[in-house]
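Chemist: This is the structure I want to talk about, given as structure tokens.
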Amino acid sequence: MALEQDMKSSDLVLITGASRGIGAETARALVADHGTQVLLVSRNGELLADVASSCSDPTKVEILALDLASADAVPRVDERVGQRRLRAIINNAGLFRTRNLGQWTLADLEELFRINAHVPFLLAQALADRLEGEPQGHVVNIGSMGGVQGSVKFPGLLGYSASKAALAGYTECLAEELRKRGIACNCLALGSVDTEMLRQAFPDHQAGLTALEMGRYVARFALEGHKYFNAKVLPVSTRTP
């Protein structure tokens with residue numbers, strides 16, 4: 001209860017998919033480098049607790065163990081945020097799935113689109129009033145170069161890449177919906193980053209950046225990127241195209 005009361009006095013950054021990889025490193029960077037209060041959401045409560053304890057100031061961290069695929073996920077996040085002011089939402093949670101052509105099912109696609117595209121939009125929609133104010137609120141959607149038109153595509157990733165393309169479309173549309181309310185919305189289309197998920201999917205692939213490097217970038221972008229960008233899908237990749 002004391003932690004909740006302390007957090008009400010400062011702007012809050014919400015990070016989904018924060019139990020490992022880029023999400024976890026973003027949380028650590030926000031606390032250590034920017035002194036930011038954070039609310040971390042992920043399915044795995046034990047991993048979230050580990051991330052919280054590894055932050056430079058654990059008193060700035062609140063965790064919520066929650067499966068974003070559940071029907072009540074958005075209302076539960078809304079309830080936890082309460083009336084606290086949000087500085088940013090970082091929609092980092094993502095589902096990665098591979099299938100050979102001919103094996104995709106409607107259930108596969110619905111689950112990918114739900115987590116990778118629909119839930120980020122629904123969270124921003126539900127929490128938009130908490131993003132209003134100064135400094136300007138910012139919705140940061142973590143996309144993929146796989147969802148960028150004209151980028152290299154890979155066999156087996158059709159559903160994942162298409163869902164990330166949908167997230168990019170949501171970003172551009174949502175930015176226009178929120179513009180008059182003084183809220184920015186951008187999508188970072190990430191290239192390969194050395195995370196557990198990438199290593200499991202492509203064990204022989206050499207990633208261009210570490211999760212630590214990308215987490216620091218995302219943290220800074222969430223707090224400052226709205227000064228330079230809005231309604232943009234921005235490639236963050238060391239490779240072309």
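Readers should treat all values here as calculations from the given coordinates under stated rules, not as data from a laboratory. These figures come from a predicted structure and were not determined experimentally. Note: ideal-geometry Cβ built from the backbone for every residue, glycine included; neighbour counts use all protein chains shown.
Chemist: Under a point-charge model restricted to the Cβ atoms of Lys and Arg (+1) and Asp and Glu (-1), what is the dipole moment magnitude of segment 80-174 relative to its Cα centre, in debye to the nearest 20? Intermediate results must be reported in sequence, preceding the final value.
Modeler: Working: 10 positive and 7 negative charges, 52 e Å.
About 240 debye.
Chemist: Work out, step by step, the length gained on full extension between L106 and R85: first 0.36 nm times the residue separation, then minus their alpha carbon distance; give nm to one decimal.
Modeler: Numbers: separation 21, 0.36 × 21 = 7.56 nm, distance 3.79 nm.
Gain on stretching L106 to R85: 3.8 nm.
Chemist: Give me C185, C55 ranked fewest to most by other Cβ atoms within 10 Å of their Cβ, as a rough exposure proxy.
Modeler: Numbers: C185 31, C55 19.
Listing C185, C55 from fewest to most nearby Cβ atoms yields C55, C185.
Chemist: Once Lys and Arg get +1 and Asp and Glu get -1 on their Cβ, which of L123, G156, L174 lies farthest toward the positive end of the dipole of segment 106-186?
Modeler: Of L123, G156, L174, it is G156.
Chemist: Another question, then. Please work out how much length the chain gains when fully extended from S53 to C173, using 0.36 nm per residue of separation minus the C-alpha to C-alpha distance, in nm with one decimal.
Modeler: Values: separation 120, 0.36 × 120 = 43.20 nm, distance 3.72 nm.
So the chain would gain 39.5 nm between S53 and C173.
Chemist: List every DSSP H helix in the chain whose Cα atoms extend 15 Å or more along the helix's own long axis and whose mean Kyte-Doolittle hydropathy is at least -0.5. Intermediate results must be reported in sequence, preceding the final value.
Modeler: Numbers: long enough: 21-34 (19 Å, 0.25); 119-131 (17 Å, 1.12); 158-178 (30 Å, 0.31); 211-224 (19 Å, 0.30).
Span-like helices in the chain: 21-34, 119-131, 158-178, 211-224.
Chemist: Figure the gain on full extension for T210 and E224 (residue separation times 0.36 nm, minus the Cα-Cα span) and round it to one decimal in nm.
Modeler: Working: separation 14, 0.36 × 14 = 5.04 nm, distance 2.13 nm.
Result for the pair: 2.9 nm of gain on full extension.
Chemist: Treating the beta-carbon of each Lys and Arg as +1 and of each Asp and Glu as -1, no other charges, what is the dipole magnitude of the chain about its Cα centre, to the nearest 20 debye? Don't jump to the answer; show the numbers that get you there.
Modeler: Values: 25 positive and 27 negative charges, 104 e Å.
I would put it at about 500 debye.
Chemist: Show me 113-123, 57-67 ranked by packing, highest mean number of other Cβ atoms within 10 Å first. Mind dumping the intermediate values first?
Modeler: Numbers: 113-123: 22.3, 57-67: 17.9.
Order by mean packing, descending: 113-123, 57-67.
Chemist: I'd like the projected area of the chain, averaged over all directions, using the convex hull of its alpha carbons. Report it in nm² with one decimal.
Modeler: Numbers: hull surface 49.8 nm².
Quarter of the Cα hull surface area: 12.5 nm².
Chemist: Next question, about the same structure. Just want to confirm a number: the relative contact order over segment 2-236, from Cα pairs under 8 angstrom separated by 6+ residues, in percent. Before the final figure, lay out each step's value.
Modeler: Numbers: 456 pairs, mean separation 49.6, N = 235.
Relative contact order comes out at 21 percent.
Chemist: Got a sec? Charge dipole of segment 2-236, +1 on Cβ for Lys and Arg, -1 for Asp and Glu; which of A24, S53, A88 is way out at the positive end?
Modeler: Comparing the listed Cα positions along the dipole, A88 ranks first.
Chemist: Return an integer: the convex hull volume of the alpha-carbon atoms of segment 52-192, in Å³ per residue.
Modeler: Working: hull volume 19.0 nm³, N = 141.
About 135 Å³ per residue, rounded to a whole number.
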